[in-house]
Amino acid sequence: MSPRFTTLGAYPTTRMRRNRRSDWSRRLVAETRLSVDDLIWPVFVQDGSGSRTPVGSMPGVDRLSVDLFVEAVKQARDLGIPAIAIFPEVDAARKTSDAREAYNPDNLVCRAIRAAKKAVPGIGIVCDVALDPFNADGHDGIVRDGEILNDESVEVMVRQALVQSEAGCDVLSPSDMMDGRIGAFRKALDRAGHQHVQIMSYAAKYASSFYNPFRDAIGSLGALKGDKKTYQMDPANSDEAMREVGHDIAEGADMVMVKPGLPYLDIVRRVKDAFGVPTYAYQVSGEYAMLRAAADHGWLVWDKVLLETLACFKRAGCDGILTYGAVDAARLLRGK
Ligand SMILES: NCc1[nH]cc(CCC(=O)O)c1CC(=O)O
């Protein structure tokens, strides 16, 4: 590959530090800028009312009952955060091997969507489509004889996608990594009159060890048998991510996501350069836990590392970032 830059000028005629000397100048030469408009806030919901439960492995993050979730949605609106992503902790008694609770129109996710859209119609509501919160096995798809079935799982998730859309979800976000699900969802949504519902595909999602605190938060950590390597991607691969993203766009994805975030920014850059579609990354639970734990020890300064990492996502090519630090970041960006 030929280099993109030829270096023009040489020291001492050129002094790179000149542009960095003062704050106004640094602001003037900044190549990317993080704004509140770039943030999607993932929020965990639980049954009950008036209840919040701290997620042990994610200091500062609570699971919220639907009424408190609505307060969180209002807080996001007041800060100008464009969208919230909902993740449910489903009662263990409702988890079955056919994950049927996933397409119960009155399940926790659908109740949270309806309550949020009623209170704040103008905020974007994003919902995962995957079976793990509802599956007794903790897997994203239906398991039979130890195998995670593809096409059968897609059928169940189509039903899940439809009830979520019916409840008012704006953006379906399939995080399951089954093949062919984007096309199946798009077809079913259009047929049901949901042609405006957007799809943000977890297109390049890796079988990562950074998801443990999330699984702790939704109560699937103990349930999960084995790992997710037969459907999520091998962290060693990058070309394969391009094929995944290409398929999802061809099948109708409106936006694509790379996950996890920081260790995978090379993938974000390739995706953005090659496809030029709205591209997102998820600063996942383990990344949040890592930074928060260090900050809580006084080894890092939370506000600074949060804004720095989010700026790095932007620099890598992200149009937006899912982050548990969305509220803190929004406050910092707005000086509140
Ligand atoms: N399909 C479930 C799902 N949706 C988002 C995350 C991870 C989010 C995080 O770690 O913050 C996961 C976990 C997993 O795939 O096991």
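Read-outs: derived from the displayed coordinates by stated rules, not from any lab. The shown structure was predicted, so the numbers you read here are calculated from the model rather than taken from an experiment. Every residue, glycine as well, gets a Cβ built from its backbone with ideal geometry; the counts of neighbours run over all protein chains shown.
In terms of other Cβ atoms within 10 Å, V327, V61 run from fewest to most in the order V327, V61. Coupling constants for the range 209-224 follow from the phi torsions by the Karplus curve (6.51 cos²θ - 1.76 cosθ + 1.60, θ = phi - 60°), and in residue order they are 8, 8, 9, 3, x, 4, 5, 5, 5, 9, x, 10, 5, x, 6, 5 Hz; glycine and proline get x.
Neighbour counting of Cβ atoms within 10 Å sorts the residues T14, T7, T323, T230, fewest neighbours leading, into T7, T14, T230, T323. Using every pair of separate Cα atoms, the Kirkwood estimate puts the hydrodynamic radius of the chain at 20.7 angstrom.
Between D98 and D78, the distance separating the two model label sites (each 7 Å from Cα on the Cα→Cβ line) works out to 4.5 nm. A Förster radius of 25 Å combined with the Cβ-Cβ distance from E147 to S238 puts the calculated FRET efficiency at roughly 0.40. Relative to the dominant Cα principal axis of the chain, helix 285-296 is inclined by about 60°. Legend: ranking of residues T13, T53 from fewest to most surrounding C-beta atoms inside 10 Å; resulting order T13, T53. Near Y206, the amide H atoms lying under 5 Å from its own belong to M233, K259; only residues 5 or more places off or on other chains count, and H is placed 1.01 Å from N.
Relative to the longest principal axis of the Cα atoms of the chain, helix 151-167 runs at roughly 80 degrees.
Sequence-distant contacts, meaning Cα pairs under 8 Å at least 6 residues apart, place the relative contact order of the chain at 18 percent. Secondary-structure-derived ellipticity at 222 nm for the chain, considering helices only, amounts to -11500 deg cm²/dmol, per-run term -39500 (n - 2.57) for DSSP H runs with n ≥ 4.
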